[in-house]
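A quick write-up on the structure given underneath.
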Amino acid sequence: MDVQQAILQRRSTRGFEKTPLTQQEIDTLVQAALAAPSAMNKQPWHFAFVKDAGLLKEFNALAREHMLKNGPAPLRPRFEDPNYELLMGAPLFVILSTDPTGDGPFTGVDCGIAVENLALSAKGMGLGSVIVGMPMEIVEADCCKDLKTRMGVPAGHRYKVGILIGHNNVSKEAHPQESGRVSIV
Ligand SMILES: Cc1cc2nc3c(=O)[nH]c(=O)nc-3n(C[C@H](O)[C@H](O)[C@H](O)COP(=O)(O)O)c2cc1C
C-alpha cells in the first residue's frame with residue numbers, strides 16, 4: 001500500500017477478530033517499531049508484543065475487576081457488560097514503556113512516533129489498530145504488577161502508550177478535519 005494511502009485510510013478500529021497474527025505480520029510490526037526515529041537516537045522505548053491469548057484474557061479480566069472497583073463512574077457501565085473487553089478482542093497488544101529515570105523532554109514524542117509507525121505498518125498489511133492510553137491505569141495499578149512482568153514489560157518501566165492490532169471486524173469514518181489548525185505562509 002502507498003504510504004499516503006495508509007496515512008489517509010488508517011482509522012481507530014475498535015473491534016477485532018480473535019484470529020492470531022502470523023509470525024510474518026508480527027516480524028513486520030517489530031521492524032516498523034524499531035525503525036522509528038527518536039530524539040538524539042535515544043530509542044528510549046521497550047515494545048512488549050503481547051500475543052499470548054491467556055495473558056490477554058487475564059488482562060481483560062483484571063481490567064474489568066479494577067474498573068468496576070476503581071474506575072470513574074461514567075466508565076463503569078461498559079465494564080458491567082460481559083461482552084465488553086478493554087482490549088476489544090484484539091489478538092495483539094503492544095505496550096510501549098520507558099524507564100522514567102531516563103525520560104527526557106521528547107520521550108513521549110518518540111513513543112508517539114513509534115506507535116504511529118506500528119499503526120501505519122498494520123494498515124499497510126490490511127490490519128486494523130487502535131492506539132490506546134486507557135490501559136495505562138490498569139498496567140500501572142498494584143494489582144497488575146505480576147501480570148505486567150509476565151507481559152514482558154521490563155522492571156522499572158512505566159506504560160507510555162499502547163496499540164491494539166488485529167483483523168478489524170468494525171469500520172469507522174475518518175475523523176472530521178479542521179483546516180483552521182494549519183497555516184501555510
Ligand atoms: C495517545 C492516544 C491515546 C488514545 N487512547 C485511546 C483509548 O484509550 N481508547 C480508545 O478507544 N481510543 C484511543 N485513542 C484513539 C483516538 O480516540 C482516535 O485516534 C481519535 O478519535 C481519532 O480517530 P481516528 O484514529 O480513527 O482517526 C487514542 C489515540 C491516541 C493518539
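For segment 133-154, give me each residue that is within 16 Å of Val94 (Cβ to Cβ), within 16 Å of the ligand (Cβ to nearest atom) and either free of Cβ contacts under 8 Å to residues at least 40 places away in the same chain or polar (S, T, N, Q) (or both).
Result: Gly133, Met136.
What are the residues in segment 155-185 that are in a loop (DSSP other than H, G, I, E, B), more than 9 Å from the ligand (Cβ to nearest atom) and among the charged types (D, E, K, R), if any?
Hit for segment 155-185 is Glu178, nothing else.
Can you pull out every residue in segment 93-109 that is within 13 Å of the ligand (Cβ to nearest atom) and farther than 25 Å from Leu55 by Cα?
Gly108, Val109
Do you know which residues across segment 53-76 are of a type in the set (D, E, K, R) and either touching a His at 6+ places or on another chain (Cβ under 7 Å) or surrounded by fewer than 17 Cβ atoms within 10 Å (Cβ to Cβ) (or both)?
Within segment 53-76, Lys57, Glu58, Glu65, Lys69, Arg76 qualify.
Quick one: which residue in Ala141, Ala114, Ala155, Ala122 is under 11 Å from the mean Cα position of the chain (by Cα) and under 30 Å from Ala39 (Cβ atoms)?
None of the other options fit; the residue is Ala114.
Hand me the list of helices (runs of 4 or more DSSP H) wholly inside segment 1-80 holding 2 or more residues that are within 16 Å of the ligand (Cβ to nearest atom) and modelled with pLDDT of 95 or more.
3-9, 53-70
In segment 77-96, what residues are open to solvent by 50 Å² or more (accessible area, probe 1.4 Å) and of a type in the set (Phe, Trp, Tyr)?
Tyr84
Exactly one of (1) over 22 Å from Ala155 (Cα atoms); (2) surrounded by fewer than 16 Cβ atoms within 10 Å (Cβ to Cβ); (3) charged (D, E, K, R) is unmet by Asp99. Its number?
Result: Asp99 fails condition (1) only.
The values are calculated or read from the model by the stated rules, or taken from the named source; none is laboratory data. In this text the structure is predicted, and so the values were computed from the model without any measurement. A quick note on method: Cβ atoms are made from the backbone with ideal geometry, for glycine too, and the neighbour counts reach across all protein chains shown. To get the accessible areas, we keep the full protein, side chains included, count just its heavy atoms, and leave off ligands, DNA and RNA. Shrake-Rupley method; radii C 1.70, N 1.55, O 1.52, S 1.80 Å.
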